[in-house]
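Student: Mind looking over this structure? Questions follow.
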Amino acid sequence: MRVAVIGGGFGRRVVAPVFAETDDCEVVDVVTARDERAVRAAATRPDVDLVSVHSPPFLHAPHVRLALGEGKAVLCDKQFALDADEAADLEAEARAAGVVALCNFEFRYAPARALLREMVDEGALGRIEHVQMTRLSAGSRVPLRRWGWLFDRALGGGWIGAWGSHAVDTLRSIFGAEVTEVQALLRMDVRERPDDRGDLHTCTAEDGFSASLVLSNGATVAIDSGFAAVANVTPRFTVFGSRAIAELVGETRISIRQADGSRETIDLADDEEADGHLGPMRRFAEVVRDAVTSGELPPHAPTFSDGRACDEVLDQLRAAPFAPGPVDPS
């Protein structure tokens, strides 16, 4: 499978190297998303089987459409589109083109999350009653991240798209349920950011949010997240079942508590991985290769339909109000 990668950030740093080391894959081009001529040349190469799109969200639609117009298979990064309407259009266009069209929800293939899905499917936790997700980091604050599209709502910026998309997909994929109710409150802890020249820009996208969701299986979900804290806190994903509670600490350790007080810890750490995206992306790359070469989608493969379903929830989260923000005591 010959791959053209669009994106000079995550695409060049993670996706291209992973595909390059995957059996029966060859990366034939890696181009920056802002170079229109290079993007067009890469996506229209006759020897390319898959166009892997990892541009900023506001460029996803034109880049995906460029690939679809050439009859290429497409892998598009999350968040899928700027909104659910655009996502639905891309989903329909991919269906009409008759090509394999996948979304880059690579954390479906993280070993700990895959194990949680198996536990839920097998009923090991009993009826799922409640889910709690916390992820608070200093990713955009220490050191202070410069102004760019990530902090501009109109360009698809914000923590809801950057991380909330993964959270929503995790809920849908692990529990096999849709989000039916959404309540949220958005935060903006850093309201201005300097660009590369030092000029200040007002942020228009959230850098954190808290949400209460209801799933179609009746379970409730509480989310507290953001990437503008002053220090990192270990993320936790806790599943409360009628028989047992499972808590994923970080991305590698699952603690299981039974009603009788017994406790089991499963450690799936891989000390060789410096970047937490690499392990899941390696497993997902094999899934993508097999889907493109065979034309058949394996179970749990995230498609454009999943991207559209996720964007429907993201739209509801973004419609929530902003908290007024804390008052500086100085």
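Student: Quote the relative contact order of the chain in percent (integer), defining contacts as alpha-carbon pairs under 8 Å separated by 6+ residues.
Tutor: After rounding, I find 22 percent.
Student: Whole-Hz Karplus ³J(HN,Hα) for the range 172-184, in order, using 6.51 cos²θ - 1.76 cosθ + 1.60 and θ = phi - 60°, x for Gly and Pro?
Tutor: 5, 7, 6, 9, x, 10, 9, 7, 9, 9, 9, 10, 7
Student: Test of understanding: in a Gaussian network model of the chain with alpha carbons linked when under 10 Å, which of Leu297, Leu136, Leu144 would top the mean-square fluctuation ranking?
Tutor: Leu144
Student: If you don't mind, there's one more thing I want to ask. Mind sorting Trp149, Trp159 by how few other Cβ atoms lie within 10 Å of their own Cβ, fewest first?
Tutor: Ordered from fewest to most neighbouring Cβ atoms within 10 Å, Trp149, Trp159 come out as Trp149, Trp159.
Student: Which of His277, His130, His60 has the fewest other C-beta atoms within 10 Å, and how do the rest follow up to the most?
Tutor: His130, His277, His60
Student: When only alpha-carbon atoms are used, what values of Rg and Dmax, in angstrom, describe the chain?
Tutor: 19.9, 63
Student: Taking θ = phi - 60°, what integer Hz values does the Karplus form 6.51 cos²θ - 1.76 cosθ + 1.60 yield along the range 228-239, in sequence order, with x for Gly and Pro?
Tutor: Values, residue by residue: 10, 7, 8, 7, 7, 10, 4, x, 9, 9, 10, 10 Hz.
Student: Around Glu26, which amide H atoms from residues at least 5 apart in sequence, or from another chain, sit under 5 Å from its own amide H, with H modelled in the peptide plane?
Tutor: Answer set, sorted by chain and number: Arg2, Val3.
Student: Taking only the alpha carbons of the range 180-299, what extent do you get along each of the three principal axes, in Å, biggest first?
Tutor: Cα spread of the range 180-299 along its principal axes, largest to smallest: 55, 44, 35 Å.
Student: For the chain, set up a Gaussian network in which alpha carbons nearer than 10 Å are linked by springs, and say which option among Gly158, Gly11, Gly139 fluctuates the most.
Tutor: Gly139
Student: When only C-alpha pairs under 8 Å and at least 6 residues apart count, what is the relative contact order of the range 189-239, in percent?
Tutor: Once normalised by length, the contact order is 26 percent.
Student: Taking 0.36 nm per residue of sequence separation and subtracting the Cα-Cα distance, how much length would be gained by fully extending the chain between Glu296 and Thr134, in nm to one decimal?
Tutor: Roughly 54.8 nm would be gained on extension.
Student: Here's a follow-up. Neighbour counts of other C-beta atoms within 10 Å: give me Ser210, Ser242 arranged from fewest to most.
Tutor: With the fewest neighbours first, Ser210, Ser242 line up as Ser242, Ser210.
Quick note: the coordinates plus some simple rules give every number you see, no bench work behind them. The shown structure was predicted, so the numbers you read here are calculated from the model rather than taken from an experiment. Using ideal geometry, Cβ is built from the backbone for each residue, glycine included, and neighbour counts are taken over all protein chains shown.
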